Amino acid sequence: MSTSTVNLPSYEDALATYDPVMGLEVHVELGTVTKMFCGCPTAFGADPNTQTCPTCLGLPGALPVVNTKAIESAIRIGLALNCEIAEWCRFARKNYFYPDMPKNFQTSQYDEPIAFNGYLDIEAAGKTWRIEIERAHMEEDTGKSTHVGGATGRIHGAEYSLVDYNRAGIPLIEIVTKPITGTGEHAPEVARAYVAELRELIKALGVSEARMELGQMRCDANVSLRPIGREKFGTRSETKNVNSLRSVERAVTFEIRRHAAVLNAGDTVIQETRHFHENDGTTSPGRVKEEAEDYRYFPEPDLVPVAPARTWVDELRGTLPELPSVRRNRLQAEWGATDHDMQSIQNAGAVDLIVQTVSLGAPADQARKWWMGELARHANEQEAELGDLAITPAQVAELVTLTTAGTLNDKLARQVIVGVLAGEGSPKQVVAARGLAVVSDDGALLAAIDEAIAKFPDAADKVRGGNQGPAGQLIGAVMKTTRGQADAARVRELLLERLSG
Amino acid sequence: MPAITREEVAHLALLSRLDLSEDELAHYAEQLDVILGSVARVSEAVQQLGQGQDIPPTSHALPLVNVTRPDVEQPCLDPADVLSQAPAAQDQRFRVPRILGED
């Protein structure tokens, strides 16, 4: 049962009394070829239980061995988050009984994370916020359960569950922030911006595609409220597995209002995990944390400590890419974009698409114009991400070449986009197949111009008399006859020439 | 005072999904107390050996670090073999009893 929003104070009212404190835990599935502790592949979408072995099935006697690439990725993430890298650290067993881990424990790290004490600077609400990082540690993902029976197909009311262990053992990095304070009314926006920036960073590092819709990156949002002016934190709730940027923002907003309602009524917030519901933006209680906290962690006896050599850490530091924020500032300068433009480009997920289009020869202003204009409109219409549209940066670059060469005007280019998105081929192929090229043959244009003059003699007379106002009507008629395929500038030129003679 | 109480043993039994009778709880509490007492004596010995110096606890018998493998795919088991060990299977998945509501 989810709490309805009907009896909750408004967000503004909640913030007038209380100061929110957040803690964000983000899990990132690494894009390694194999699992954390065994050589099973990690490819998404394989048939159930085809990517398993005695180690990830937890069969007796099987021994785990750590994936070098996963440690490397963890260290690179830690360095990019300005963390210290442990000289020596161990894995630990997190014991719990739940069929998604066949070993009855998850191999994780406890009090010795590989990376700790860092920060990430983010932009939100027009200013920079420094989000302090508590730790980033290595662990493994769980299997995937499908709940059968029960009205909703959810875990509650299910008769039994079916488990696929393909995902069990895929390397995860869990990144935990220190308590985030002082964000006030901007808390939900800051939470979203942090997850967005972290996602950009992870992608820039090339350690994961970080696709939230595929569960490759997911966020647990801890929220608590304290009366404004009080030092001591309130009791927190932890909303689990929030899997889109928008949901992060909504979940935090809802929890702030819900906590405020509980506190206003003089009740105490229960420390519990909660589930977020995409449909109405509310959360509902999961299991109450008390016994669940008792994981009886102990050092994993089957894995020896990880002690990354300082020379290796320095070498990895040298492989860090240009950080997304630095890159954004550079691109903004190169493109001559305003802060607002850049924010829109970033929000639309268009940065890389524009960069690629430019690298394929399109001028930046043209690349921006098409991605942020017509293509953004199509994406919006299809309720899809810009990057998921059926058009590539190469095709957009080709379109730009055709428009700069005068083969296409903007109107025709828009029709070409429709053709490309409909799978009719490259812009050149669509132009050929649909006969969309601009008519620049003066003979054909003059015929259309004469036709227009004959049709609107009054307008023609006025233009002859030196009043260029009505020329638009004549040009419009020509564009109509040529079904928009005429080069309007050339038509104007020819028309004025014709009528001044 | 014992090193472990009967209540703590009951709690551990619950966490470990062991259904212990009252007699068993008392029995194991007594045994675990002896084991923990012995471990405490080892700790005392370590303190004496270290002469006040802190000796880090041993977590592994061998002084090894960084045993890793390259990120290279290895063959997997056949799913039919995998599921042949399962008490119940359906749709090439392990079929398990309902997850919530066992408490």
Worksheet item: Hey, A:GLY443 hits all of (1) over 30 Å from A:MET372 (Cα atoms); (2) part of a loop (DSSP other than H, G, I, E, B); (3) not aliphatic (A, V, I, L, M) but one; which does it fall short on?
Response: (2)
Item to complete: Please work out which one of (1) open to solvent by less than 20 Å² (accessible area, probe 1.4 Å); (2) closer than 30 Å to B:PRO79 by Cβ; (3) of a type in the set (A, V, I, L, M) is the condition A:ALA43 fails and give its number.
Response: (1)
Discussion item. Condition check: modelled with pLDDT under 95 and farther than 30 Å from A:ILE114 by Cβ. Does B:ALA61 satisfy that?
Written reply: no
Discussion item. Every residue in the stretch A:454-475 that is in a helix (DSSP H, G or I) and open to solvent by less than 40 Å² (accessible area, probe 1.4 Å), please.
Written reply: A:ALA459, A:ALA460, A:VAL463, A:ALA471, A:LEU474, A:ILE475
Practice prompt. Identify the single condition in (1) touching a Leu at 6+ places or on another chain (Cβ under 8 Å); (2) over 30 Å from A:ALA43 (Cα atoms); (3) of a type outside the set (D, E, K, R) that B:VAL67 does not satisfy, given that it satisfies every other one.
Written response: (2)
Discussion item. Could you tell me how many of the residues in the stretch A:55-78 are out of contact with any Leu (no Cβ under 7 Å at 6 or more places or on another chain), open to solvent by 20 Å² or more (accessible area, probe 1.4 Å) and not β-branched (Val, Ile, Thr)?
Written reply: 7
Item to complete: Would you mention how many residues in the stretch A:48-75 are free of Cβ contacts under 8 Å to residues at least 60 places away in the same chain and either closer than 14 Å to B:PRO79 by Cα or more than 7 Å from every other protein chain (Cβ to nearest Cβ) (or both)?
Response: 7
Worksheet item: Being in a loop (DSSP other than H, G, I, E, B), open to solvent by 20 Å² or more (accessible area, probe 1.4 Å) and not small (Gly, Ala, Ser), is that true of even one residue in the stretch A:349-368?
Response: yes
Discussion item. Looking at the stretch A:81-95, can you tell me whether even one residue there is within 30 Å of A:PHE254 (Cα to Cα) and either of a type in the set (Val, Ile, Thr) or more than 10 Å from chain B (Cβ to nearest Cβ) (or both)?
Written reply: yes
Worksheet item: Got at least one residue in the stretch A:207-219 being outside any strand (DSSP E or B), within 14 Å of another protein chain (Cβ to nearest Cβ), buried (at least 21 other Cβ atoms within 10 Å of the Cβ) and out of contact with any Cys (no Cβ under 9 Å at 6 or more places or on another chain)?
Response: yes
Worksheet item: Name the residues in the stretch A:317-338 that are within 24 Å of A:TYR194 (Cα to Cα) and either among the small types (Gly, Ala, Ser) or in contact (Cβ under 8 Å) with a residue 60 or more places away in the chain (or both), would you?
Response: A:ARG317, A:THR319, A:LEU320, A:PRO321, A:GLU322, A:LEU323, A:PRO324, A:SER325, A:ARG327, A:ALA333, A:ALA337
Worksheet item: Hey, among A:ILE114, A:ILE131, which residue is under 24 Å from B:ASN66 (Cα atoms), in contact with a strand residue (DSSP E or B) (Cβ under 8 Å, 6 or more places away or on another chain) and either surrounded by fewer than 21 Cβ atoms within 10 Å (Cβ to Cβ) or modelled with pLDDT of 95 or more (or both)?
Response: A:ILE114
Worksheet entry | From the options B:VAL72, B:VAL34, B:VAL67, B:VAL46, residue that is more than 17 Å from the chain's Cα centre (by Cα), away from every other protein chain (no Cβ under 13 Å) and open to solvent by 60 Å² or more (accessible area, probe 1.4 Å) | B:VAL34
Discussion item. Checking the conditions here, which among A:THR177, A:THR152 is modelled with pLDDT under 95 and either over 25 Å from A:ALA46 (Cα atoms) or not assigned by TED's automatic domain parsing to the domain that holds A:PRO285 (or both)?
Written reply: A:THR152
Worksheet entry | Members of the stretch A:171-206 found to be within 14 Å of chain B (Cβ to nearest Cβ) and open to solvent by 10 Å² or more (accessible area, probe 1.4 Å), listed by number | A:GLY206
Worksheet item: Any idea which of A:GLU25, A:GLU12, A:GLU87 is surrounded by fewer than 16 Cβ atoms within 10 Å (Cβ to Cβ) and within 30 Å of A:LYS232 (Cα to Cα)?
Response: A:GLU12
Discussion item. Between A:ALA448, A:ALA488, which is of a type in the set (A, V, I, L, M, F, W, C), over 29 Å from A:TRP371 (Cα atoms) and touching a helix residue (DSSP H, G or I) at 6+ places or on another chain (Cβ under 8 Å)?
Written reply: A:ALA448
Fill in: Members of the stretch A:417-453 found to be crowded, with 17+ Cβ neighbours inside 10 Å, at pLDDT 85 or above and touching a Lys or Arg at 6+ places or on another chain (Cβ under 8 Å), listed by number
A:GLY419, A:ILE449, A:ILE453
Worksheet item: Of B:ALA3, B:ALA29, which residue is within 30 Å of A:CYS89 (Cβ to Cβ), surrounded by 13 or more Cβ atoms within 10 Å (Cβ to Cβ) and away from chain A (no Cβ under 14 Å)?
Response: B:ALA3
Worksheet item: From the residues in the stretch A:220-229 that are within 13 Å of A:VAL21 (Cα to Cα) and of a type outside the set (S, T, N, Q), which one is surrounded by the fewest Cβ atoms within 10 Å (Cβ to Cβ)?
Response: A:GLY229
Item to complete: Residues being assigned to a loop (DSSP other than H, G, I, E, B), of a type in the set (S, T, N, Q) and more than 7 Å from chain A (Cβ to nearest Cβ): count how many of those fall in the stretch B:75-103.
Response: 1
Worksheet item: Taking the condition of a type in the set (Ser, Thr, Tyr), open to solvent by less than 60 Å² (accessible area, probe 1.4 Å) and at the interface with another protein chain (Cβ under 8 Å from one of its Cβ atoms), does B:SER21 pass?
Response: no
Practice prompt. Please give the number of the condition A:VAL478 fails out of (1) surrounded by fewer than 18 Cβ atoms within 10 Å (Cβ to Cβ); (2) assigned to a helix (DSSP H, G or I); (3) not charged (D, E, K, R).
Written response: (1)
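The values are calculated or read from the model by the stated rules, or taken from the named source; none is laboratory data. Keep in mind that this is a model prediction, so the values were computed, not measured. Note: ideal-geometry Cβ built from the backbone for every residue, glycine included; neighbour counts use all protein chains shown. Each accessible area value is taken on the protein alone, full model and side chains, heavy atoms only, with ligands, DNA and RNA left out. Shrake-Rupley method; radii C 1.70, N 1.55, O 1.52, S 1.80 Å.
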